[in-house]
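The values are calculated or read from the model by the stated rules, or taken from the named source; none is laboratory data. Since the structure is predicted, the reported quantities are computational estimates derived from the model, not experimental observations. Ideal geometry is used to build each Cβ from the backbone, glycine not excepted, and the neighbour counts take in all protein chains shown. Calculation scope for accessible area: heavy atoms of the full protein, side chains included, ligands and nucleic acids excluded. Shrake-Rupley method; radii C 1.70, N 1.55, O 1.52, S 1.80 Å.
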Amino acid sequence: MSNRSFEGLDATLGGMHLRPPTSVSASDTLATVAAAMVRGGVSCAILEEAPLRVVTELDLVRGLAQGLRPEDEIAAVASEHPNWAPPSASVAEAAALMVSLGIRHLVVLDITERPSGVVSMAELFNVLVRSQEPMALYAKFADIMLHNGGDTAQPPPSD
């Protein structure tokens with residue numbers, strides 16, 4: 001195992017150089033927020049007004065499924081009391097927390113308890129995978145492909 005694996009697991013959220021969170025107003029419409037998230041390439045936005053609330057892609061979908069219209073205010077679907085972590089939390093700790101809570105986003109709060117970013121499960125997964133030895137991952141993938149005959153939809157044969 002290379003030293004890169006150790007660094008990946010122990011890297012901190014603050015060390016990930018997260019971009020500033022996408023901020024929206026509670027009075028913005030679902031359509032406006034969805035467009036802002038698409039433009040920013042993010043799956044979660046933070047409402048500017050206190051208390052701390054977030055809106056995720058899942059919140060938008062749930063709102064539409066419940067009959068809200070694109071012109072309705074985003075505050076109607078925002079998640080209150082979002083889960084958060086400090087910048088000092090490790091990638092592994094953040095990933096474990098997200099898995100245990102069944103969530104896909106964590107707000108990163110700075111020392112003044114202001115959002116400094118949002119980390120997604122996809123971003124943590126990217127860090128964790130990249131921290132592994134690339135050739136070992138390739139060999140494992142090649143083994144799976146050989147045993148499945150290239151059909152990744154089928155599970156490998158059990159022993």
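Of the residues that make up the stretch 82-95, is at least one acidic (D, E), open to solvent by 50 Å² or more (accessible area, probe 1.4 Å) and touching a residue at least 24 places away in the same chain (Cβ under 8 Å)? So far as the stretch 82-95 goes, no, none of its residues is acidic (D, E), open to solvent by 50 Å² or more (accessible area, probe 1.4 Å) and touching a residue at least 24 places away in the same chain (Cβ under 8 Å).
Could you look through the stretch 101-131, keep only residues that are open to solvent by less than 60 Å² (accessible area, probe 1.4 Å) and assigned to a loop (DSSP other than H, G, I, E, B), and pick out the one that is modelled with the highest pLDDT? If we take residues in the stretch 101-131 being open to solvent by less than 60 Å² (accessible area, probe 1.4 Å) and assigned to a loop (DSSP other than H, G, I, E, B), then I103 is modelled with the highest pLDDT. Entry remark, the stretch 41-86: residues being in contact with a Pro (Cβ under 9 Å, 6 or more places away or on another chain), of a type outside the set (A, V, I, L, M) and in a helix (DSSP H, G or I) number 0 in total. Checking the structure you have, find out if any residue of the stretch 50-73 is within 15 Å of the chain's Cα centre (by Cα), at pLDDT below 95 and β-branched (V, I, T). Within the stretch 50-73 (the criterion being within 15 Å of the chain's Cα centre (by Cα), at pLDDT below 95 and β-branched (V, I, T)), the answer is no, since none of the residues qualifies.
Whether a residue is open to solvent by 50 Å² or more (accessible area, probe 1.4 Å), of a type in the set (D, E) and without any contact (Cβ under 8 Å) to a residue 40 or more places away in the chain was assessed, and E71 does not pass this test.
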